[in-house]
Structures are given as C-alpha cells and as structure tokens.
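S.K.: This structure is in structure tokens; I'll ask about it shortly.
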Amino acid sequence: MNSEPFIAVNARALLEQHGLDSFDALWGLQLDAVDDPNIGRGGWSSVYRLELADTDGQVQSFYLKRQQNHLSRSLRHPGGEPTFAREFRAIQQYARHGIPALEAAFFAQRRTAEGRKAILLTRALDDYQPLDEWFARWSDLSWADKRDVTLACGALVHALHNTGRIHNCLYPKHIFARLAQDGAGARLIDLEKTRRALGQRDRVRDLDTLNRRSPALSRAIRLRFLLACQGKQRLDDEARALIVALNQRQQRKQAA
C-alpha cells in the first residue's frame, strides 16, 4: 500500500533541509550498515546510523531502517506486511498511551517491481544504554544508581502492562535506561511483537522473560523491581501471588 509518508513535526524541517523528506531520498541514501542485514521472511532488513546537522549546527542522530520483502503475516494481513509497518503502528500506540519508547521521525512503505519496501526512521537514544549493558557493569554502580535504574525500568513495565499490553519480547537489550540530573528514565525498543495481554498469564510471561535474564540483580533489588512493575512500594497479596507465579513458571521451565 502506497500512501503519503509520516513525518514527525519535530523532524520535518531538518529532513527538508537535507532533502531527505521523501521515500526515494531516504531509500537511495548511501550509508554503512551498523550490522549485518537481517535475511529472512523472504527478504532483507538493514539498519544504518544517520547524523544530520540542523540550522544551528547541532547534530541530531537517527537510525534509518530499510527493508524489502521482509514481511510479517497475521490473520489481519494474511498476505503479509512489512514488519516496520507493524512496529510503526506500535510506536504510535505507545505514544498515545504515554508509554516511553523510541520515537518515529519518518515512515513510509511502497509496492514496487522489486517487491514490498518500507522505511522507518527513529531518533537515536544516545543518552540511554540497553539494560544488558547496565548489567555488564552492575558491580561498579553505587547502590543508589542500581536502585534508580531498577525503579525506572520497573515503572516502564508497569506503564506498559497498565494499558493492557505486553511487549512480548522483553529482553534486557530492549529496555534502554539512563541516569540524569533530573532522575532516571527508561524507554522500550523493538516493538514489532507487542500486543494486547490476554490475561495475567501473559503479563507473567513478559516479566519472566526479563526476570530470568537479569542475573546481576540481587534478591533485594529484584524484589524492588517486581514491586515497581506492579506500581507498588511494599509486598501485598497481589505482589506475593506474582512472585509465586514467576517461581512456578521458572520451575516448570527448568523441569522441561
């Protein structure tokens, strides 16, 4: 489906300044990929870093993602649709619900003789680091920094689950956190698989994915995190039930 591209209000002037406010311009831009292309789903998908100076000489950084015939199939789209289209919808949904996540600057898709193409341009989260990188230097952090990062990430998960959604791929590398003078903050990335939660079991599974991949956390910090994920400051029956459910899920996985 070809349609007018989405261009964020805060990015339009900058993209126009550099002649990059169209699908063709961004598709033809010559850049070095930040990693190997993702080959699969019948096509390919690749990511590039893009840095543009504004009229004041300040550099604004983005990630330009381009794909061709890299399709996701569903009941709604049995013929498939670009995975970036699905992620762009999720970015918009997160923004409407006030869930901190990556920000889209440009999105468009095209049907061409070569197949289905899509472009998604997002702002770089240069002030943030993925949670797995925080874990890599966890022992060097002060107790206060550990607490603040943990609470920020827990509050982010709570904001997500409180809307009746799950991330559905909640690995530490998909939570970006930062420490700043005005406090800690966190954002979610890689929203392609996000969906509505069908019940408490889905939320438990989301948390289990993250909990099992956070070995750096002590029991005390882990408890703070799980409480923050529920918007709580102390244990109650609901929080205890969640911990029991997580433990039971982990035991089932270990026994399988």
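S.K.: Under a crude label model (7 Å from the Cα following the beta-carbon direction), how far is N247 from R76 in nanometres?
M.R.: 3.9
S.K.: Here's a follow-up. Quick one: plug the Kirkwood hydrodynamic radius of segment 170-238 (C-alpha pairs) into Stokes-Einstein at 37 °C, 0.692 mPa s, and report D in µm²/s.
M.R.: Numbers: Rh = 13.7 Å.
Roughly 239 µm²/s, to the nearest whole number.
S.K.: Taking R0 as 25 Å, what's the FRET efficiency between R213 and N162 from their Cβ-Cβ distance, rounded to 0.05?
M.R.: Efficiency, from the Cβ-Cβ distance: 0.65.
S.K.: Give me log10 I(q)/I(0) at q = 0.09, 0.12, 0.15 Å⁻¹ for segment 129-255, Debye formula, one equal scatterer per alpha-carbon, no solvent.
M.R.: Log10 of I(q)/I(0), two decimals: -0.23, -0.42, -0.66.
S.K.: Next question, about the same structure. Could I get the Rg over Rh figure for the chain? Both from C-alpha atoms, Rh via Kirkwood, rounded to two places. If you can, show how the numbers build up before the last one.
M.R.: On the way: Rg = 19.9 Å, Rh = 19.9 Å.
Result: Rg/Rh = 1.00.
S.K.: Sticking with this structure for a sec: Quick one: which of K146/K193; K146/K253; K117/K253; K193/K232 span more than 30 angstrom between C-alpha atoms?
M.R.: K117/K253
S.K.: Let me ask something else about it. Hey, if you put +1 on the Cβ of every Lys and Arg and -1 on every Asp and Glu Cβ in the chain, which of L29, H161, L191 ends up farthest toward the positive end of that dipole?
M.R.: H161
S.K.: If you don't mind, another one. Taking springs between alpha-carbon atoms closer than 10 angstrom, which of A118, A108, A33 fluctuates most in the Gaussian network model of the chain?
M.R.: Maximum fluctuation in the GNM of the chain, among the listed residues, is at A33.
S.K.: Report the full-extension gain for the segment H18 to A255: residue separation times 0.36 nm, less the Cα-Cα distance, to one decimal in nm.
M.R.: Stretched out fully, the H18 to A255 stretch lengthens by 79.6 nm.
S.K.: GNM, the chain, Cα, under 10 Å: largest mean-square fluctuation among D208, D35, D54?
M.R.: Ranking D208, D35, D54 by mean-square fluctuation puts D35 first.
S.K.: Which stretch or stretches of segment 40-79 have amide N atoms under 18 Å from the point lying 7 Å from D127's Cα along the Cα→Cβ direction?
M.R.: 52, 54, 58-63
S.K.: I've got another one for you. Charges at C-beta only: +1 for Lys and Arg, -1 for Asp and Glu. How large is the resulting dipole of segment 145-194 about its Cα centre, in Debye rounded to 20? Working shown, then result.
M.R.: Numbers: 7 positive and 5 negative charges, 21 e Å.
Roughly 100 debye, rounded to the nearest 20.
S.K.: For q values of 0.16, 0.20 Å⁻¹, compute log₁₀ I(q)/I(0) with the Debye formula on a Cα-only model of segment 37-183, without solvent.
M.R.: Values returned for q = 0.16, 0.20 Å⁻¹ are -1.04, -1.33.
S.K.: Answer with one residue from A177, G40, Q200: the one whose Cα lies farthest towards the positive end of the charge dipole of the chain, charges on Cβ with Lys, Arg +1 and Asp, Glu -1.
M.R.: Of the options given, the answer is Q200.
S.K.: Further, regarding this structure: About the Cα centre, and with charges only on the beta carbon of Lys, Arg (+1) and Asp, Glu (-1), how big is the dipole of the chain? Nearest 20 debye, please.
M.R.: Value, rounded to 20: 1580 debye.
S.K.: Along the charge dipole of the chain, pointing to its positive end and built from +1/-1 on Cβ of Lys, Arg, Asp and Glu, which listed residue (L52, A245, A216) has its Cα farthest out?
M.R.: A245
Every number in this text was worked out from the coordinates using simple rules, so none of it is lab data. Treat the numbers as computed from the prediction; the structure is a model and nothing was measured. Heads up, the Cβs are rebuilt from the backbone with ideal geometry, glycines too, and the neighbour counts pull from every protein chain shown.
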